[in-house]
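Read-outs: derived from the displayed coordinates by stated rules, not from any lab. The structure presented is a predicted model; accordingly, all values stated were derived computationally and were not measured. Here Cβ is always computed from backbone atoms with ideal geometry, including for glycine, and neighbour counts include all displayed protein chains.
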Amino acid sequence: MEDSRTTPTTSKCDSRLSRLKDWLNEKNLALPYAHVVLGSGLALPLQDLEMKDWSFEGEISFSELPGMTSSTAPGHKGTYRFYKKGTRVVSFQVGRLHGFEGNKASDVVKPVLTLADLGVEKFIITNAAGSLQTHMKAGSVMLINDHVNFTGLNPLTGPNDESLGPRFPDMSQIYSPRINKILEKHLNKHNVETHFGIYIGVNGPSFETPAEINLFSNWGMGSVGMSTVFEAIALKHRSKEIGGLSFLANMGAGLGEKAGDTLTGEEVLEAGRQTAPSILKAIFESLETL
Ligand code: HPA
């Protein structure tokens, strides 16, 4: 068991890393060159997706790795799936941990940091989110230019290991315009309506009130969700290159066309099932030129 006061969350957990490294060796897999985090709605359809040239090589669940928690959120299984094209390997994180499940911010980032600390340099973080702008319709995608961390928490709280990143890391360009441009090109190819904007991360688990949505919208935010910001901060601390994608599963509360529209978690998962295959194909194609 790690002691969060003496073992900074900004340090590596060697037993977790070596367990995953051994597993990759057993499967004869190279270290992935890129890692994709799939948000709710995008995670489940991955299993059924047939991608020409990419072979599925195996999966390992978070619970098999020392010190890692399993996810309790619907649509968030908590496994890594590995795919290969030629000799090149990528990993997909099917599900993630959230603050609203009662996890500490520093625990939420463990699944991405495990890959980061093994040496993966490129990341694509996706999420399901509510749209905050009426021109960005439910079912479309918003590539993330920047974020606002509205949770009041930070995964880097606690002692810092300077060998991994600075105490006060720069956050002036978290999301990579280069990776986002590649994603945009392939999303366009698959006729997925694509926008750019700012993601605001909140704790949840309650959805926002219309007053909160109105506030975020007037602040110029593009999408709102309950994930991503901790992972992006922790990866930027380690100087990783990050693409960011919000799948706009619904309009923010009060922005829907029908007065009195309400929001459910099932609706968010269902919206993902319809558009997810096109988004996943665009992500696989983007990985080829990452
Ligand atoms: N708000 C917050 N998180 C979300 C939403 C939303 O409207 N939709 C999907 N995740």
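Observations on the model:
- Volume per residue that the Cα convex hull of segment 102-216 spans, once the total is divided by residue count, Å³: 140
- Fully extending the segment from GLU266 to ALA30 would add 81.3 nm, taking 0.36 nm per residue of separation and subtracting the current Cα-Cα distance.
- The chain - share of DSSP beta bridges that are antiparallel (%, nearest 5): 35
- Furthest towards positive pole of dipole, VAL148, ASN180, LEU31, structure part the chain, Cβ charges: LEU31
- Here the Gaussian network model covers the chain, with springs between Cα atoms less than 10 Å apart; of GLU208, GLU64, GLU121, GLU64 fluctuates the most.
- Stokes-Einstein translational diffusion, segment 15-68 - Kirkwood Rh over all Cα pairs, 0.692 mPa s, 37 °C, in µm²/s: 250
- The helix-based estimate of mean residue ellipticity at 222 nm for the chain, built from -39,500 (n - 2.57) per DSSP H run of four or more residues and divided by its residue count, is -8500 deg cm²/dmol to the nearest 500.
- In nm, spacing of pseudo-spin labels at GLN173 and TRP219 (7 Å Cα→C-beta vector): 2.5
- For segment 84-221, the residue among LEU215, GLY130, PHE196 whose Cα projects farthest onto the positive side of the dipole built from Cβ charges is PHE196.
- Charges were assigned to the Cβ only: +1 to each Lys and Arg, -1 to each Asp and Glu. The resulting dipole of the chain about its Cα centre is roughly 600 debye.
- The charge dipole of segment 12-90, taken about its Cα centre with unit charges on the Cβ atoms of Lys, Arg (+1), Asp and Glu (-1) only, comes to about 220 debye.
- HN-Hα J in Hz across segment 41-52 - Karplus 6.51, -1.76, 1.60, θ = phi - 60°, x for Gly and Pro: x, 8, 6, 4, x, 4, 4, 8, 7, 9, 10, 3
- Prolate/oblate/rounded call for the chain, Cα gyration tensor, a/c under 1.5 rounded: oblate
- Residues listed by number, segment 216-245, amide nitrogen under 16 Å from PHE150 label point at 7 Å toward C-beta: 216-230
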